[in-house]
Amino acid sequence: MADDLLVSNVRPYGAEPTDILIRAGHIAAVGMITPTAGMPVLDGMGKLALPGLVEAHTHLDKSLLGLPWYRNEAGERLIDKIENERAVRKTLPIDPARQSRRHAMLAVSHGTTFIRSHVDVDTDCGVSGIEGVMATREALADLVAIDLVAFPQSGLLVRPGTVELMEQALRLGTETVGGLDPCAIDRDPKGHLDTVFALAERFGRNVDIHLHEPGEMGLFSMELIIERTRALGMAGRVMISHAFCLGMGDHGSVDAMIHALADAGVAIMTTAPASRPVPAVTQLARAGVVVCAGSDGIRDTWGPYGNADMLEREMFIGLRNNLRRDDDLRIALDIVTTGGATALGLPDYGLTPGCGGDMVLVAAETVAEAVAQRPGMRTVVKRGRVIVRDGEVRPAGL
Ligand SMILES: [Zn+2]
């Protein structure tokens with residue numbers, strides 16, 4: 001669906017007030033524009049205009065939004081959380097179609113117009129999560145674009161039958177092959193990554209790997225990912241999510257790895273968690289690594305936090321990386337806008353003529369204020385259609 005709309009009196013990235021004309025869902029002109037008869041007009045009231053926010057890493061299939069509060073008593077280790085989730089999923093009413101719809105609608109209300117969602121594929125749930133999120137993708141196609149990652153949350157090789165389910169997910173139309181801690185979970189880094197990249201090559205899909213592994217172990221896995229990215233000519237189509245190892249250990253090794261990532265065209269996704277070491281976003285940006293951000297799980301069996309607001313995620317990036325100057329806060333904004341768009345290969349992204357007519361209007365004076373104060377009551381336009389007005393998703397969107 002694509003519409004015509006004149007968005008008047010807005011300030012792109014905090015610049016002087018202007019008008020943005022959207023025709024057939026794409027930005028046709030930016031400047032002082034007189035509306036023609038019958039042209040729908042949205043009065044931007046001098047608000048800051050940003051392109052639609054990009055949620056580059058979340059898990060739409062397993063949020064507990066709208067369900068009774070889940071009492072989390074999972075153990076400390078990653079494997080404890082994985083096993084807890086697989087067990088709990090059998091007892092909680094987690095319908096991936098319903099939960100993903102609730103979660104995606106919350107994200108849209110905050111100004112997100114593109115989501116990459118990892119979706120569990122394992123020998124217990126099969127591809128039911130993929131099918132559920134695909135139903136949401138279709139139902140909400142006019143509000144948000146959703147890209148799916150087939151994610152072997154419980155391991156790929158350690159649970160026989162998972163690779164065949166991954167193939168099934170890819171045949172259904174999943175865009176990206178996921179992976180997870182090749183050393184720590186599968187205990188077979190070469191086998192794990194060869195399988196992930198072989199699937200990507202065979203089906204012509206992208207790769208996105210959760211890498212929580214610490215220090216030298218993580219850097220070793222990263223080296224293997226870079227080798228395979230180069231060998232298959234996949235620059236610009238591979239992402240490493242979390243990459244905690246870049247926030248640890250020997251400065252020289254980390255610095256060399258960051259330059260290797262830039263050179264190989266491998267993007268990094270960070271959630272900027274307060275509780276873990278993280279890659280330093282300014283160091284990555286200076287080296288030319290594409291950086292994007294995500295909420296990760298929102299209120300699920302892994303943790304109780306999150307609200308799917310990418311402006312709040314920007315604030316966490318700012319806090320975690322000690323960004324205080326206005327020009328540094330612009331780096332945080334770029335991560336949840338153009339960084340995400342580049343990492344995910346989104347065409348026509350931005351606020352200039354020719355770009356898709358997606359934008360979020362925020363009551364802030366400057367980009368820095370938007371990042372630091374994350375004002376609510378946002379208005380969101382998707383392909384020339386007002387889908388959220390003052391924080392309320394418009395019913396016509398459903
Ligand atoms: Zn994740």
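The values are calculated or read from the model by the stated rules, or taken from the named source; none is laboratory data. These numbers were taken from a predicted model, which means no experiment stands behind them. FYI the Cβ positions are ideal-geometry reconstructions off the backbone, even for glycines, and counts take in every protein chain you see. Just the protein is used for accessible areas: all its heavy atoms, side chains included, with ligands, DNA and RNA removed. Shrake-Rupley method; radii C 1.70, N 1.55, O 1.52, S 1.80 Å.
Just a few scattered comments:
- Restricting attention to segment 303-325 and to residues that are part of a loop (DSSP other than H, G, I, E, B) and surrounded by 18 or more Cβ atoms within 10 Å (Cβ to Cβ), the residue that is farthest from the ligand (Cβ to nearest atom) turns out to be LEU323.
- Pairing each residue of segment 218-247 that is at positive phi and away from the ligand (no atom under 16 Å from the Cβ) with any residue that is open to solvent by less than 20 Å² (accessible area, probe 1.4 Å) and not β-branched (Val, Ile, Thr), provided the two are 6+ apart or on different chains, yields C-beta distances under 9 Å for GLY236/ALA267; GLY236/ALA343.
- Among the candidates VAL30, VAL88, residue that is modelled with pLDDT under 95 and either within 16 Å of the ligand (Cβ to nearest atom) or out of contact with any helix residue (DSSP H, G or I) (no Cβ under 7 Å at 6 or more places or on another chain) (or both): VAL88
- Per the conditions (1) modelled with pLDDT of 95 or more; (2) more than 16 Å from the ligand (Cβ to nearest atom); (3) open to solvent by less than 40 Å² (accessible area, probe 1.4 Å), the sole criterion not satisfied by ALA332 is (1).
- Qualifying residue in segment 48-60 (condition: within 30 Å of LEU211 (Cα to Cα), more than 16 Å from the ligand (Cβ to nearest atom) and part of a strand (DSSP E or B)): yes
- For segment 107-156, residues that are of a type in the set (Gly, Ala, Ser), more than 16 Å from the ligand (Cβ to nearest atom) and not in a strand (DSSP E or B) total 7.
- Within segment 224-253, if we keep just the residues that are within 20 Å of ILE335 (Cα to Cα) and small (Gly, Ala, Ser), the residue that is surrounded by the fewest Cβ atoms within 10 Å (Cβ to Cβ) turns out to be ALA235.
- Taken over segment 275-302, the residue count meeting the criterion of being over 16 Å from the mean Cα position of the chain (by Cα), under 22 Å from ASP328 (Cβ atoms) and within 13 Å of the ligand (Cβ to nearest atom) is 1.
- Inter-residue pairs, beta-carbon under 7 Å, first in contact (Cβ under 8 Å) with a residue 40 or more places away in the chain and in segment 279-302, second aliphatic (A, V, I, L, M) and within 13 Å of the ligand (Cβ to nearest atom), 6+ apart: CYS292/ALA56; CYS292/MET269; ALA293/ALA56; ALA293/MET269; GLY294/ALA56; GLY294/MET269
- Exclusive hit being hydroxyl-bearing (Ser, Thr, Tyr) and modelled with pLDDT of 95 or more, set SER154, SER221: SER221
- Any hit, segment 85-97, residues being part of a loop (DSSP other than H, G, I, E, B) and closer than 28 Å to ASP348 by Cα: no
- If you go through segment 336-355 and keep only what is closer than 13 Å to LEU50 by Cα, open to solvent by 10 Å² or more (accessible area, probe 1.4 Å) and in a helix (DSSP H, G or I), you end up with just THR338.
- Annotation: LEU64 fulfils all but one of (1) touching a Phe, Trp or Tyr at 6+ places or on another chain (Cβ under 7 Å); (2) more than 16 Å from the ligand (Cβ to nearest atom); the unmet one is (2).
- Checking segment 192-214 against the condition returns a match, with at least one residue being more than 28 Å from MET134 (Cα to Cα) and more than 16 Å from the ligand (Cβ to nearest atom).
- Close pairs (8 angstrom Cβ cut-off, 6 or more residues apart or separate chains): open to solvent by less than 50 Å² (accessible area, probe 1.4 Å) in segment 178-202, aromatic (Phe, Trp, Tyr) and part of a helix (DSSP H, G or I) anywhere: CYS183/PHE220; PRO189/PHE220
- Enumeration of residues in segment 254-302 that are surrounded by 24 or more Cβ atoms within 10 Å (Cβ to Cβ) and of a type in the set (D, E, K, R): ASP300
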